[in-house]
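> Would you mind keeping the following structure in view while I ask a few things?
The values are calculated or read from the model by the stated rules, or taken from the named source; none is laboratory data. The shown structure was predicted, so the numbers you read here are calculated from the model rather than taken from an experiment. Don't worry about glycine lacking a Cβ; one is built from the backbone with ideal geometry, like all the others, and counts go over all protein chains shown.
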Amino acid sequence: MDIDFSLVLTLAVMISGALWAFDAVLLRPGRRERLQAAEQQAANGGQTLPASAATEIMREPWLFETAHGFFPVLAVVWVLRSFIAEPFTIPSGSMIPTLQVGDYVLVNKFAYGLRLPVLGTEILPVAEPKRGDVMVFKFPAKPSINYIKRVIGLPGDVIESRNEVLFINGVEASRELQSALPEAELGEEIYLENLNGVSHFTREEAGMQPAGPMWSYTVPKGEYFMMGDNRDNSNDSRFWGPVAENLIVGRAFYIWMHKQPGLHLPIFSRNGSIQ
């Protein structure tokens, strides 16, 4: 079952905050009144109310004490993940060679504007996605799943494939075959592709053309055409269409750790900016 962690965290913040507020507004005044009455009774008897008794009277019920303790921490995490930066794990090889399975990346949540958590509604415009950005977004067919691909087409662009060479608005995205990369294996081809000034590596497999050698797509207004760098092993906009603005999560900008699946220690040799 896919779990929307943003939704879970938002609900946790709302529930813990509501419990804390309920206690502060409705229950705490009653405890203060009981404390004052106990202090007055002790004073009438010529005594001072012991500190332990005062603490016990003012003690929050377990549920509200737990909410009180968790709410500030959850709120800070919620703000950081919702508006500043969020960590993601790369679960598949669709972005090889740029991103490997097991990479942990940081995503800038305000690069394209501040958005309401869960809903994705933009509340403060900052910038728009640029061609060549590596972007995290909610999968249009199932928004509870996050995808990561590269922005190929902007609103209004005409994206074409001519024998697996990309053309954007009729201009070829030039590429050079790279034969010395350590990722290269028999049957695969690694290219250095240039998307109007943004250079990055792509991977293809000889003889594989899952979307066909020739196709063309015009990107609708307010949407973006996304492709994986592992061109012959990527489920992307070629198969299910563009990504709407309200599904944008943020721009992936940094690899901060890598861990192979299973019982492996994390390594940090891949740390660095995402190109």
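> What pairs can you find where one residue is in segment 92-105 and without any contact (Cβ under 8 Å) to a residue 60 or more places away in the chain, the other is part of a loop (DSSP other than H, G, I, E, B), and their Cβ atoms are less than 9 Å apart, with a gap of 6+ or different chains?
Ser92/Val101; Ser92/Gly228; Ser92/Asn233; Ser92/Ser234; Ser92/Asn235
> Find the strands (runs of 3 or more DSSP E) located wholly in segment 104-209 whose residues include 3 or more that are more than 24 Å from the chain's Cα centre (by Cα) and over 30 Å from Val8 (Cα atoms), and list them. Write out each step before concluding.
Values: elements: 122-124, 134-138, 146-153, 158-162, 165-168, 175-178, 188-195, 198-205.
Once the strands (runs of 3 or more DSSP E) in segment 104-209 are filtered for at least 3 residues that are more than 24 Å from the chain's Cα centre (by Cα) and over 30 Å from Val8 (Cα atoms), what remains is 158-162, 165-168, 175-178, 188-195, 198-205.
> Determine which member of the set Ile57, Ile3 is out of contact with any Phe, Trp or Tyr (no Cβ under 9 Å at 6 or more places or on another chain) and at pLDDT below 85. It would help to see each step written out before you state the result.
Details: Ile57 fails: at pLDDT below 85.
None of the others qualify; the one that does is Ile3.
> In addition: Could you tell me which of the residues Ile159, Ile190, Ile152 is under 30 Å from Leu7 (Cα atoms) and in the same structural domain as Gly250 (by TED's automatic domain parsing)? Quick ask: steps written out before the conclusion?
On the way: Ile159 fails: under 30 Å from Leu7 (Cα atoms); Ile190 fails: under 30 Å from Leu7 (Cα atoms).
Ile152 is the lone residue from the list that is under 30 Å from Leu7 (Cα atoms) and in the same structural domain as Gly250 (by TED's automatic domain parsing).
> Now, a different point. Being surrounded by 15 or more Cβ atoms within 10 Å (Cβ to Cβ) and part of a strand (DSSP E or B) is the filter here; which residues of segment 59-88 pass it?
Ala85, Glu86, Phe88 - these are the residues of segment 59-88 that are surrounded by 15 or more Cβ atoms within 10 Å (Cβ to Cβ) and part of a strand (DSSP E or B).
> Based on what the data block shows, is Glu39 of a type in the set (Asp, Glu) and over 48 Å from the mean Cα position of the chain (by Cα)? Explain how you work it out, then say what you get.
Numbers: of a type in the set (Asp, Glu): yes; over 48 Å from the mean Cα position of the chain (by Cα): yes.
Criteria met by Glu39.
> Working carefully through the options Gly113, Gly102, find the one that is modelled with pLDDT of 90 or more and small (Gly, Ala, Ser). Write out each step before concluding.
Details: Gly113 fails: modelled with pLDDT of 90 or more.
On inspection, the qualifying residue turns out to be Gly102.
> Name the residue, out of Leu35, Leu49, Leu26, Leu119, that is within 25 Å of Asp4 (Cβ to Cβ) and not basic (Lys, Arg). Steps first, answer last, please.
Numbers: Leu35 fails: within 25 Å of Asp4 (Cβ to Cβ); Leu49 fails: within 25 Å of Asp4 (Cβ to Cβ); Leu26 fails: within 25 Å of Asp4 (Cβ to Cβ).
That would be Leu119, the only listed residue that is within 25 Å of Asp4 (Cβ to Cβ) and not basic (Lys, Arg).
> May I ask you to say which residue of Pro97, Pro87, Pro50, Pro91 is farther than 30 Å from Leu263 by Cβ and of a type outside the set (A, V, I, L, M, F, W, C)? It would help to see each step written out before you state the result.
On the way: Pro97 fails: farther than 30 Å from Leu263 by Cβ; Pro87 fails: farther than 30 Å from Leu263 by Cβ; Pro91 fails: farther than 30 Å from Leu263 by Cβ.
Exactly one residue qualifies, and that residue is Pro50.
> Please work out which one of (1) outside the structural domain of Ile145 (by TED's automatic domain parsing); (2) modelled with pLDDT of 90 or more is the condition Ser94 fails and give its number.
Looking at each condition in turn, Ser94 falls short on (1).
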